[in-house]
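In what follows, a single structure is set out as structure tokens and then discussed.
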Amino acid sequence: MSINQSIKPATAEVKEHLMIGGCDTVELAKKYGTPLYVIDEATLRGICREYKAAFKDYKNIRMMYASKALCTSAIVRILDEEGFGFDTVSAGEIYTVFKAGINMSHVLFNGNNKSVSEINLALDCRVGRFSVDNFYEAELLNRLAGEKGVKIDVLLRITPGIECHTHDYIQTGQVDSKFGFDLSQVDEIVTLITQNYKSLNLKGLHAHIGSQIFELKSYYDEVDILVKEIARINNKFALKLDEMNIGGGLGVKYTDNDTPPSVTELAESITEAMHKYGVDIPTIYIEPGRSIVSTSGVTLYTVGSSKQVPNGRKYVAVDGGMADNPRPSMYQAEYFAEAANKPLAEKKETVTIAGRYCESGDILINEITLPELEAGDILCVYNTGAYNYSMASNYNRVEKPAMVLVNNSHSDIIVYRETLDDLISHDNIPDRLSKK
Ligand SMILES: *Cc1c(COP(=O)(O)O)cnc(C)c1O
């Protein structure tokens, strides 16, 4: 079984308490406070190795971690050690990767509205590839690269017109999308780049069809379209495009309802579609984000108040919620949880896990059967490694949680908990308001 097909991190064990990475989660909560993001290093490295093993027969594969799923300096270092490059979408992600000492030729800059200052930073850092999203940006990239006297390697982001069955907000490959060129616009942009934009060197095509994908056929169809399109462009324009970036999107198992394919199955359908044409596309880029970091992460919360609605449901509130995990309120995402301090206690109560934020929509888990919970219990929510910390906010002026890395019974802080002073550190009181 692939790591992305499991709800819990590979090292999760039930003893008197729930253990992860050999660490007692109740002790972690005590030592570092809650809410606490916990990342299991063995699970993270394990899935990276699964990806490498699955594609080992395809020589020209380039694994690019989609850093928007979780981008911190230590996580970037681990992914680099595992041989991954980075798909980045902002100055902040590029800067994090750069400061972590990563070889910037392994970095791709992607996004539908890159700003002038972000592009200039990417050019100064010598980012290896730029994904060109639209006509405006092609002109801008050409001008800014020209001003610095450099020629940059680019991929064209296209929308292949594939609908995959996932939430509307995380579906990106359909024709009506804010990302990329429609297939009918490809000839025009290729002509512009090859004839007018002398600072751009077109290397290939890029697509990303969505996220939390369970259907392998979507990938097969995507590769099919990209292969044909590259062959058509090469033929019509006498070019030698030899790179194909198929994006990320492989799903993970948040609850028992989720049935993602394995990494091996993903690799098989991609290579099968490649070989069908007998074409040689020397380089395939793949950009997994969620499937790399989701399963390695859990969030620990402390239980506080409870409320039994007369003749209705029972709410149990924890000390975090929509600001550290916006996915349930944004996408109706579902999660699984267990009582970390009494994992063996009989599960006999069906409750709704509420967050502490001032929104009725701040519900982490709608209905889940757990042991009877009381104030002070520690709740472990699984599969929170991706798109939790990276989407976290300071809503209600609450400090963002700390993140620890666990491995071999050892824990290290990789993101410090914000302090109250951090929260006001960017505030300014204009002089005229300080005069009382
Ligand atoms: C978000 C994104 C990814 C990663 O998607 P996951 O579902 O997290 O694997 C990859 N490529 C691009 C272009 C993206 O925008």
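The values are calculated or read from the model by the stated rules, or taken from the named source; none is laboratory data. In this text the structure is predicted, and so the values were computed from the model without any measurement. Ideal geometry is used to build each Cβ from the backbone, glycine not excepted, and the neighbour counts take in all protein chains shown.
Suppose we keep only residues that are under 18 Å from V415 (Cα atoms) and away from the ligand (no atom under 16 Å from the Cβ) within region 279-329. Which one would you say is surrounded by the fewest Cβ atoms within 10 Å (Cβ to Cβ)?
A323
Given I365, I353, I424, I413, which one is among the β-branched types (V, I, T), over 19 Å from V14 (Cβ atoms) and free of Cβ contacts under 8 Å to residues at least 12 places away in the same chain?
Being among the β-branched types (V, I, T), over 19 Å from V14 (Cβ atoms) and free of Cβ contacts under 8 Å to residues at least 12 places away in the same chain holds for just one of I365, I353, I424, I413, which is I424.
What is the one condition in (1) farther than 22 Å from I78 by Cα; (2) surrounded by 18 or more Cβ atoms within 10 Å (Cβ to Cβ); (3) of a type in the set (V, I, T) that T369 does not satisfy?
(2)
Please indicate, with yes or no, whether at least one residue in region 35-42 is outside any strand (DSSP E or B), over 21 Å from E287 (Cα atoms) and modelled with pLDDT of 95 or more.
yes
Across region 188-213, what is the number of residues that are assigned to a loop (DSSP other than H, G, I, E, B) and either among the polar types (S, T, N, Q) or over 30 Å from A333 (Cβ atoms) (or both)?
Matching residues across region 188-213 total 6.
Under 29 Å from G149 (Cα atoms), surrounded by fewer than 21 Cβ atoms within 10 Å (Cβ to Cβ), of a type in the set (G, A, S) and at pLDDT 95 or above - does that describe any residue in region 76-90?
Yes - at least one qualifying residue is present in region 76-90.
Give me the residue from region 205-226 that is crowded, with 24+ Cβ neighbours inside 10 Å and not hydrophobic (A, V, I, L, M, F, W, C) and, out of that set, farthest from P260 (Cα to Cα).
Per the criteria, the residue is H206.
So that you can scan it fast, the table gives a plain yes or no per residue for (1) farther than 22 Å from A207 by Cα; (2) at pLDDT below 95; (3) assigned to a strand (DSSP E or B); (4) within 13 Å of the ligand (Cβ to nearest atom):
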residue: L108; (1), (2), (3), (4): no, no, yes, yes
residue: A122; (1), (2), (3), (4): no, no, no, no
residue: A145; (1), (2), (3), (4): yes, no, no, no
residue: I162; (1), (2), (3), (4): no, yes, no, no
residue: T166; (1), (2), (3), (4): no, yes, no, yes
residue: V175; (1), (2), (3), (4): no, yes, no, no
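Go through region 348-365 and give me each residue that's closer than 14 Å to F336 by Cα and surrounded by 13 or more Cβ atoms within 10 Å (Cβ to Cβ).
If the condition is that a residue be closer than 14 Å to F336 by Cα and surrounded by 13 or more Cβ atoms within 10 Å (Cβ to Cβ), then V351, T352, I353, A354, I363, L364, I365 are the ones that fit.
Within region 329-344, how many residues turn out to be among the aliphatic types (A, V, I, L, M) and farther than 21 Å from Q308 by Cα?
Summing the residues that are among the aliphatic types (A, V, I, L, M) and farther than 21 Å from Q308 by Cα in region 329-344 gives 4.
Here are T259, T271, T255: which of them is away from the ligand (no atom under 13 Å from the Cβ) and in a helix (DSSP H, G or I)?
Checking each option against the conditions leaves just T271.
Matching residues to (1) of a type outside the set (K, R); (2) touching a residue at least 40 places away in the same chain (Cβ under 8 Å); (3) in contact with a His (Cβ under 8 Å, 6 or more places away or on another chain); (4) closer than 25 Å to V132 by Cα:
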| residue | (1), (2), (3), (4) |
| --- | --- |
| K56 | no, no, no, no |
| I61 | yes, yes, no, yes |
| Y65 | yes, yes, no, yes |
| T72 | yes, yes, no, no |
| V89 | yes, no, no, yes |
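Only strands (runs of 3 or more DSSP E) wholly contained in region 311-385 count here; list those with 1 or more residues that are more than 24 Å from E41 (Cα to Cα) and modelled with pLDDT of 95 or more.
314-318, 349-354, 363-370
From D422, D412, grab the single residue that is of a type in the set (D, E, K, R), surrounded by fewer than 16 Cβ atoms within 10 Å (Cβ to Cβ) and in a strand (DSSP E or B).
D412
Could you please find all residues in region 46-83 being in contact with a strand residue (DSSP E or B) (Cβ under 9 Å, 6 or more places away or on another chain) and part of a loop (DSSP other than H, G, I, E, B)?
Within region 46-83, F55, Y58, N60, L70, C71, T72, E82, G83 qualify.
Is it true that Y389 is within 16 Å of the ligand (Cβ to nearest atom) and surrounded by 11 or more Cβ atoms within 10 Å (Cβ to Cβ)?
When the stated conditions are applied, Y389 passes them.
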